[in-house]
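Reviewing the structure listed below.
Values quoted throughout were computed directly from the atomic coordinates according to the rules given, and no laboratory measurement underlies them. Everything numeric here is computed off the predicted structure, so don't read it as measured data. Using ideal geometry, Cβ is built from the backbone for each residue, glycine included, and neighbour counts are taken over all protein chains shown.
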Amino acid sequence: MPRPRAQAHPAGLSDARVFLDKAREFLRAAQDSLELSNNTAAVGNAVHAGILASDAISAVRTRTVWRGEHAQAAGHLETAGEDGKLAARQLRRLLPMKTRAEYEPAPIRPADARAAVQAAERLVALATAADAAAPPGTQSGSN
């Protein structure tokens with residue numbers, strides 16, 4: 001039986017906050033792994049940080065998130081305005097690394113791990129900026 005077509009699903013600002021908090025946690029794990037020269041873990045955590053940061057941006061800007069093939073997520077992210085277009089470029093850098101880090105036997109080079117962490121850092125920064133630009137009283141950390 002064929003898989004149902006993926007699509008955008010509704011998401012609110014509270015969802016965006018959760019995605020952003022998770023993205024920050026994965027980013028910290030990626031940075032720590034990179035510092036320890038655990039390149040595979042650095043890339044894997046960076047990819048997850050980037051996906052979650054992308055969801056946060058999309059939730060803030062479009063009130064939706066992509067639930068489907070990762071390869072199509074960047075296209076959805078581009079609908080989230082200028083932030084989304086910038087984020088989509090970073091996400092396109094990260095997604096091919098997911099398979100390499102998680103499923104392929106070849107080791108991850110230090111330069112690739114650094115590039116993945118940097119892309120995730122950019123995505124989390126964009127998500128943080130999107131959250132800060134959300135309507136007053138709705139940003140992360142507000143009660």
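Descriptive notes on the structure:
- Kyte-Doolittle mean at least -0.5 and Cα axial length at least 18 Å: DSSP H helices in the chain: 13-35, 39-62, 110-132
- Relative contact order of the chain: 32 percent, from C-alpha pairs under 8 Å at least 6 residues apart in sequence.
- Packing-based exposure ordering (other Cβ within 10 Å, fewest first) of His70, His76: His70, His76
- The convex hull around the C-alpha trace of the chain, projected and averaged over every direction, spans 9.0 square nanometres.
- Projecting the Cα atoms of Gln72, Ala133, Thr40 onto the charge dipole of the chain (Cβ charges, centred on the Cα centre) puts Gln72 farthest toward the positive pole.
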